[in-house]
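S.K.: Quick one: structure below, then a few questions.
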Amino acid sequence: MFYKIHESQKGKVLAICDKELIGKTLKQGEIEFTASENFYRGKKAEEKKIETLLTQHSNINMVGKKCIQIALRKGLIKEKSIIKIQDIPHVQIFMI
């Protein structure tokens, strides 16, 4: 998996993506989603690091079965909050 932290004046966004999806474009109906290298490719991380990062951020964008399974196990999301594009899960988490 890869992760990248984007910082702006409005806060931080943690982007996480399964390694094999980086650079891929998914299409389903009118939806077209690209797991762009610029947004997602940052540092490589194993499951433990992703678990830690998920607890440290409140604005998270994730794509891929592996990383989303971690968020499900940690109880950060529920199945109903996941959208699938070409059977690939995508979720955005905003904690208030």
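The values are calculated or read from the model by the stated rules, or taken from the named source; none is laboratory data. None of these values were measured; they are calculated from a predicted model. With ideal geometry, Cβ positions are generated from the backbone for all residues, glycine too; neighbour counts draw on all protein chains shown.
S.K.: For the stretch 48-96, give me each residue that is under 12 Å from the mean Cα position of the chain (by Cα) and of a type in the set (S, T, N, Q).
M.R.: ASN59, ASN61, GLN69, GLN92
S.K.: Given the conditions (1) at pLDDT 95 or above; (2) over 17 Å from LYS12 (Cβ atoms), which single one is not true for GLY75?
M.R.: Answer for GLY75: the failing condition is (1).
S.K.: Any residue at all in the stretch 24-34 that's of a type in the set (A, V, I, L, M) and touching a helix residue (DSSP H, G or I) at 6+ places or on another chain (Cβ under 8 Å)?
M.R.: Looking through the stretch 24-34, none of the residues is of a type in the set (A, V, I, L, M) and touching a helix residue (DSSP H, G or I) at 6+ places or on another chain (Cβ under 8 Å).
S.K.: Would you point out the residue of the stretch 1-44, among those that are over 13 Å from the mean Cα position of the chain (by Cα) and among the aliphatic types (A, V, I, L, M), that is surrounded by the fewest Cβ atoms within 10 Å (Cβ to Cβ)?
M.R.: ILE31
S.K.: Within the stretch 1-68, which strands (runs of 3 or more DSSP E) (wholly inside it) include 3 or more residues that are under 25 Å from ILE96 (Cβ atoms)?
M.R.: Filter on the stretch 1-68 gives 2-8, 11-17, 59-63.
S.K.: Another question about this same structure. Starting from the stretch 71-90, keep only residues that are more than 20 Å from LEU21 (Cβ to Cβ), then list their pairs with residues that are not in a strand (DSSP E or B) whose Cβ atoms are within a distance under 8 Å, requiring at least 6 positions of separation or different chains.
M.R.: Correct list of pairs: LYS74/GLU51; LYS74/LEU54; LYS74/THR55; LYS78/LEU72.
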